[in-house]
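Taking it in order: structure first as structure tokens, then the write-up.
The values are calculated or read from the model by the stated rules, or taken from the named source; none is laboratory data. It should be emphasised that the depicted structure is a prediction, and the values quoted were computed from it without experimental measurement. Cβ: placed from backbone, ideal geometry, glycine included. Neighbour counts: every protein chain shown. Areas reflect the complete protein model, heavy atoms only, side chains present, ligands, DNA and RNA absent. Shrake-Rupley method; radii C 1.70, N 1.55, O 1.52, S 1.80 Å.
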Amino acid sequence: MDRYDRMLRAQATAKKAAEIQTPVAPSASQAEMEAGSEGVPSEPAPAATPTPAPQSSTQQPQAAANKQSQAAPPTSTQAMAVPNLCSADETPVFACSTGKKRASLCMNGSNQLAYRLAPLDGAPEMVYPGNTAVTNTAFKQGTHTGANGQPLPFVSFDKGNYRYAVYGTSATMQGILVEQNGKRIANLNCQADRLSELDTAKLQRMGLSQDLRPLMLP
């Protein structure tokens, strides 16, 4: 009996030693629990990168236009109109401010002219002619040669002993000349806000007669 007992004890001791040397691997659930208890974060799955939706053929030109409009600087082509005394259905042929007065030579759709003179902030104090039916005989056109040899187109009209003339272009000096019995009594120079379209071709198409008298400019 003693010999048999010793053999059983030896087998039990050997089995116990083998279990100690080869530990059993933990299961997947046990590994997850141990990792959570130790505070080790699990590695997140990589996020999917969104792919941009393709632009339609109508969206692409619009996007390009928006990009160009943002990059292009504002232009300065939106110039303000020169203040004048013409009505809504008239076109200013000549207009300028002399500092205290404003003068305008206006043309309507029937190529009829009208001259108006007014204070800067007031109603016209002079309108010529009073009868628009005689405009083609009331006004004359001519060209004056300045002291520097530069031609100055002008439009004139006579009222009693007075002669009025608006002269010059946007590229030359402009002004309003008033004469009495052939002598200059006023020459009003135009300021910065001015315009002139007193080109000879346009005036000739209106059928105005020629004024061959020179302007009595200083």
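Tabulated results
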{"item": "Subset of segment 169-178 that is part of a loop (DSSP other than H, G, I, E, B) and among the hydrophobic types (A, V, I, L, M, F, W, C) - its residue that is modelled with the lowest pLDDT", "result": "ALA171"}
{"item": "Counted residues, segment 92-111 - those being β-branched (Val, Ile, Thr) and open to solvent by 10 Å² or more (accessible area, probe 1.4 Å)", "result": "1"}
{"item": "Tally of residues being in a loop (DSSP other than H, G, I, E, B), closer than 15 Å to GLY207 by Cα and touching a residue at least 12 places away in the same chain (Cβ under 8 Å) across segment 110-124", "result": "2"}
{"item": "Among residues of segment 200-212, those that are under 18 Å from THR145 (Cα atoms) and surrounded by fewer than 16 Cβ atoms within 10 Å (Cβ to Cβ), counted", "result": "4"}
{"item": "Qualifying positions in segment 112-148 - open to solvent by 30 Å² or more (accessible area, probe 1.4 Å) and modelled with pLDDT under 85", "result": "GLY130, ASN131, THR132, ALA133, VAL134, ASN136, THR137, ALA147, ASN148"}
{"item": "Residue list for segment 179-194, filter: surrounded by 17 or more Cβ atoms within 10 Å (Cβ to Cβ) and not in a loop (DSSP other than H, G, I, E, B)", "result": "GLU179, ASN187, LEU188, ARG194"}
{"item": "Test: GLY160 is free of Cβ contacts under 8 Å to residues at least 12 places away in the same chain, open to solvent by 60 Å² or more (accessible area, probe 1.4 Å) and at positive phi", "result": "yes"}
{"item": "Test: ALA79 is closer than 25 Å to ASP121 by Cβ, open to solvent by 60 Å² or more (accessible area, probe 1.4 Å) and modelled with pLDDT under 50", "result": "yes"}
{"item": "Verdict on THR137 being closer than 15 Å to GLN210 by Cα and not in a strand (DSSP E or B)", "result": "yes"}
{"item": "Condition met for GLY149 (within 19 Å of ALA114 (Cα to Cα), outside any strand (DSSP E or B) and out of contact with any strand residue (DSSP E or B) (no Cβ under 6 Å at 6 or more places or on another chain))", "result": "no"}
{"item": "Single match in VAL155, VAL93, VAL166, VAL127 (criterion: in a strand (DSSP E or B) and either more than 37 Å from the chain's Cα centre (by Cα) or over 25 Å from PRO218 (Cβ atoms) (or both))", "result": "VAL127"}
